[in-house]
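The values are calculated or read from the model by the stated rules, or taken from the named source; none is laboratory data. Predicted model, so just to flag it, every value in this text is computed and none were measured. For neighbour counting, all protein chains shown are included, and Cβ atoms are generated from backbone atoms with ideal geometry for every residue, glycine included.
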Amino acid sequence: MLWFVGTGINGYKGLSLAAVEVLKDCDLIYVERFTSLLSDSDMASLASLLGKQVRPVQRWFVEDGREILDAAASRKVALVTYGDPLIATTHSELRIRAAKKSIKTGVLHAASGIASIMGQTGLHMYKFGRTVTMMSEPKSAISVYNTIFDNLLAGNHTLILAEYSYDEKATPFFLGPETIFKMLLDVENDQRQGMFSENTFAVVASRVGADDQRLASGKVKSLAGIDFGSGPHSVIIPGTLHFTEEDAMALLTENIDTPTDNTQAIRRISAQMVDRYAPKAKEAAQQMRNILRSESDNKGMFEVLDNAEYYISDAERFLRQGKHELAVLSIGYAEGLIDSLRFQKGINPWLQ
């Protein structure tokens, strides 16, 4: 038997009565400390509460899973985790492997750290888009940036979980909010989508569930200068804010700047393309038309230009209708028709 037991967000004190009863009946108790930190004092208090030893294990041990599954095949085993036990994909994968081996499993759910962060800020949970983790590896910031972009297009909030790592021989590492902001600003400097800046409104949630938790909201340039102390940390980039969410920022967080709508600074790449290329295509079509008027027997070519201009109009109409793929296709068709005349006549209207 393999039990997955969540402590919730308040350390061992968050264990339910049912969880304590199950753990006291288990032969082996493993405690993972890689999804979030359960302190040494929590570990000692848990062992004292249960009257038996608990074994701390690292990520590789759970990911490998063989020792846990071998023990669970004939004994009562528990894996204790921070928050809810099935939020981490590593735990879900271990449960699937147990099922494949016909090992019975049980789950004792608890408060999720992710849901708690969302709830504490007062932001509406149903308005959160995809959640993402920011690692200290620079390439991680590109994925986070793109996730924020996609979420903002839908008007949704983005929860960014900051990297945390634990080694029994070293001090726990928590990626800080100021580093997250700097990494995103660096990506913006490369991507230039106008999506993230020092004026972007954000929320920082530090140590949610602890006695010294801190929630702060404001512009990136205001939050980046604050020392939020030890982790774990999370950052939220809000999308469109309901008026009750604006009230929550003012009353439930340490609010530095008036909330702003981050979605106003973002446009789909397809819309940016149409805005950029449609005027150029119109100008090239007109230049080609002026050139052809000075020559004779170009009736067929004028018909091609007419179609090119129709495609440009279609692109602008599709964009207004929110049909972004069709808008880009129409611009492409228009440019293709203009280029067909360019190659036939040996002239370049794009440079006129």
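Restricting attention to segment 10-31, the residues that are at pLDDT below 90 and either touching a strand residue (DSSP E or B) at 6+ places or on another chain (Cβ under 6 Å) or surrounded by fewer than 22 Cβ atoms within 10 Å (Cβ to Cβ) (or both) add up to 4.
When residues in segment 231-243 are screened for being more than 15 Å from Ala216 (Cα to Cα) and among the small types (Gly, Ala, Ser), 1 of them pass. Could you tell me whether Gly155 is closer than 19 Å to Met249 by Cα, among the small types (Gly, Ala, Ser) and either surrounded by fewer than 16 Cβ atoms within 10 Å (Cβ to Cβ) or touching a helix residue (DSSP H, G or I) at 6+ places or on another chain (Cβ under 7 Å) (or both)? Yes; evaluated as a whole, the condition is true for this residue.
Every residue, every condition in (1) more than 21 Å from Pro172 (Cα to Cα); (2) of a type in the set (Ser, Thr, Tyr), yes or no:
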residue	(1), (2)
Asn10	no, no
Val22	yes, no
Ser41	no, yes
Leu46	no, no
Arg55	no, no
Gln58	no, no
Glu63	no, no
Leu86	yes, no
Glu93	yes, no
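Can you confirm whether Ile347 is aliphatic (A, V, I, L, M), closer than 21 Å to Met288 by Cα and either under 40 Å from the mean Cα position of the chain (by Cα) or not in a helix (DSSP H, G or I) (or both)? So Ile347 fits the description; yes.
Screening segment 113-131 for residues that are without any contact (Cβ under 8 Å) to a residue 60 or more places away in the chain and among the hydroxyl-bearing types (Ser, Thr, Tyr) and picking the one that is surrounded by the most Cβ atoms within 10 Å (Cβ to Cβ) gives Thr131. Taking segment 272-291 as the range and being within 30 Å of Ile237 (Cα to Cα) and surrounded by fewer than 17 Cβ atoms within 10 Å (Cβ to Cβ) as the test, the residues that pass are Gln272, Asp275, Arg276.
Number of residues in segment 165-197 that are at pLDDT 85 or above, surrounded by fewer than 17 Cβ atoms within 10 Å (Cβ to Cβ) and of a type in the set (Gly, Ala, Ser) equals 2.
The set of residues in segment 307-327 being closer than 12 Å to Tyr277 by Cβ and crowded, with 20+ Cβ neighbours inside 10 Å consists of Tyr311, Ile312, Ala315, Leu319, Ala327.
Answer yes or no: is there a residue in segment 304-320 that is closer than 30 Å to Ile148 by Cα and either assigned by TED's automatic domain parsing to the domain that holds Glu245 or touching a Phe, Trp or Tyr at 6+ places or on another chain (Cβ under 8 Å) (or both). No: segment 304-320 contains no residue that is closer than 30 Å to Ile148 by Cα and either assigned by TED's automatic domain parsing to the domain that holds Glu245 or touching a Phe, Trp or Tyr at 6+ places or on another chain (Cβ under 8 Å) (or both).
Given the criteria exposed (fewer than 14 other Cβ atoms within 10 Å of the Cβ), in the same structural domain as Ile160 (by TED's automatic domain parsing) and among the β-branched types (Val, Ile, Thr), does Thr258 qualify? Spelling it out, Thr258 is indeed exposed (fewer than 14 other Cβ atoms within 10 Å of the Cβ), in the same structural domain as Ile160 (by TED's automatic domain parsing) and among the β-branched types (Val, Ile, Thr).
May I ask you to verify whether Arg66 is touching a Cys at 6+ places or on another chain (Cβ under 9 Å), of a type outside the set (A, V, I, L, M), under 20 Å from Ala99 (Cβ atoms) and surrounded by fewer than 19 Cβ atoms within 10 Å (Cβ to Cβ)? No, not satisfied. Screening Met134 with (1) aliphatic (A, V, I, L, M); (2) touching a strand residue (DSSP E or B) at 6+ places or on another chain (Cβ under 8 Å); (3) under 30 Å from Asp25 (Cβ atoms) gives one miss only, at (3). Considering only residues that are assigned to a helix (DSSP H, G or I), surrounded by fewer than 18 Cβ atoms within 10 Å (Cβ to Cβ) and at pLDDT below 80, which ones fall in segment 292-306? Within segment 292-306, Arg293, Lys299, Gly300 meet the criteria. Once segment 71-113 is narrowed to residues that are of a type in the set (Val, Ile, Thr) and part of a loop (DSSP other than H, G, I, E, B), the residue that is farthest from the chain's Cα centre (by Cα) is Ile103.
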